[in-house]
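The values are calculated or read from the model by the stated rules, or taken from the named source; none is laboratory data. This one's a predicted model, so the numbers in the text were calculated from it and none came from an experiment. For neighbour counting, all protein chains shown are included, and Cβ atoms are generated from backbone atoms with ideal geometry for every residue, glycine included.
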Amino acid sequence: MDAADGLPPRQRRWAVLSLAVSIAIVVIDMAVANVALPTIARDLGVTPSASIWVVNAYQIAVTVSLLPLSALGDIMGYRRIYLGGLAIFAIGAVVSASSDSLAMLVAARLAQGFGGGGVMSVNAALVRYVYPRSHLGRGIGLNSLIVASASAAGPTVASAILSVGPWPWLFALAAPLGLAAFVLAHRTIPAMAGSGHPFDLPSAGLSVVTVGLAVGAMDGVAHGNRAFAAGALAAAVACGWIFVRRQRGLAAPILAVDLFRRPLFSLSAATAVLCYAAQALGMVSLPFFLVEAAGRTQIEAGFLMTAWPIAIAAVAPISGRLADHWPVGLLCGVGLAAMAAGLLLLALLPPAPSTADIVWRMALCGLGFGFFQAPNNRALLTSVPRERSGAAGGVLSSARLIGQTCGAALVAVAFGVAAARPAMGHGATAAMLLGAAVATAATLVSLSRLGRFAGSERL
């Protein structure tokens, strides 16, 4: 890409549409399978626990592929990785829709996950190339709006499709949408040169093994398998140590260790991990609280929880514009403090709360998270050289998935502790209190960027 500071306005509009369509399809596809799991388990004759691999395969593939594919984007050019990801995603959707066994469906979802990883790994880097620096905050805000809206729409879209057709339709419809996104991206995303450095396959393998073991350890914690979790964690730490040592001095590292020497980058990444962990602690535990403690039906709980992503979608464009003019530490600190307050207030709800009591607390969490997301993403991306945007985008996406995985595992821990000590109350309450504490820690980390590193925001 030759443009020194973003694309011309007309070309930019088409490129933004392409990025929005692609990321929306990938995000929605992460959510639709959850709703169909009972039906899939019945039709394929498998247990409910086995059917969860339809979701896990996609999530694991995305998680382990983010860092290698983002580094490959720096080497080969982001457009190639993006188009390749969309193509694999569409092919995986076709195979998923035609699957007649769990093994075939899981393999197809694994392929879809790698395709989705290709899109997500370079999406943030492409946003930085498409928008001029003066408009980058609003561009990231719009991207956050698309992601939040797609997340909120996922369960509704799945329910609507299942009301008129069988579960293969969920994946069959993703195939033409993925193909359309590929054609649009091919026409609107300009070619760009990569660094040309050789790709380090041993580092890529170590990255996949390290992340895979870490995810396995978290899953072991979530299911109470402490021995497996401890062994997987020890192995992940050992592989991770070897992986990090190997990255030093490489011309094109899979994990850009050198970028963490930049205070604004490292603090923004740490803030992201903590914030997404707090979000998962709330979003995973809330359905249990609403159904088991508040006496709502599953359908009611689903509708009540949409207040959170709707609030994110409402505030994301505003926070994106503010991020172009105000210190990131302040904006994110205010948002994270609001999110911590919302989680605390949800934990303190009475036994039979009214709909209004639940909704405004949910909205407060969403507003806080939405106020955090775009400024923090902007800070992380702009704290590195433009040609390293792929590596930064990979860290950004990895921080989100690591935080969400840790948060979900901590929910299981909170439920286990609460079950052993009934005096503590419902496990969801303990999880939300822990979420408020994690969000408070994220607030303090974010505010630390107002100190001697604040000036680096304009680098």
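The numbered conditions (1) over 27 Å from Y58 (Cα atoms); (2) at pLDDT below 85; (3) out of contact with any Gly (no Cβ under 9 Å at 6 or more places or on another chain) are all true for M218 except (1).
Among the residues of region 184-215, those identified as modelled with pLDDT under 80 and crowded, with 19+ Cβ neighbours inside 10 Å are D200, V211, V215. When V284 is tested against (1) under 23 Å from S383 (Cβ atoms); (2) of a type in the set (V, I, T); (3) assigned to a helix (DSSP H, G or I), exactly one condition is not met: (1). Only a single criterion out of (1) in a helix (DSSP H, G or I); (2) more than 18 Å from L401 (Cβ to Cβ) is not satisfied by V164, namely (1). Taking every residue in region 381-405 that is buried (at least 24 other Cβ atoms within 10 Å of the Cβ) and pairing it with any residue that is acidic (D, E), at least 6 positions away or on another chain, the pairs with Cβ-Cβ distances below 6 Å are G390/D74; A391/D74.
For A256, state whether it is modelled with pLDDT under 80, in contact with a Lys or Arg (Cβ under 6 Å, 6 or more places away or on another chain) and under 18 Å from D74 (Cβ atoms). Criteria not met by A256. Here is a check on your reading of the model: is G77 at positive phi and at pLDDT 85 or above? No, not satisfied.
When we screen A277, A323, A307, A269 for residues that are under 30 Å from G141 (Cα atoms), modelled with pLDDT under 80, outside the structural domain of S207 (by TED's automatic domain parsing) and buried (at least 18 other Cβ atoms within 10 Å of the Cβ), the only hit is A323.
The set of residues in region 339-348 that are farther than 9 Å from L364 by Cβ and without any contact (Cβ under 8 Å) to a residue 60 or more places away in the chain contains only L348. The criterion of being assigned by TED's automatic domain parsing to the domain that holds C365 and surrounded by 22 or more Cβ atoms within 10 Å (Cβ to Cβ) holds for F289.
Tallying residues that are buried (at least 22 other Cβ atoms within 10 Å of the Cβ) and either of a type in the set (F, W, Y) or without any contact (Cβ under 8 Å) to a residue 60 or more places away in the chain (or both) within region 35-60 yields 3.
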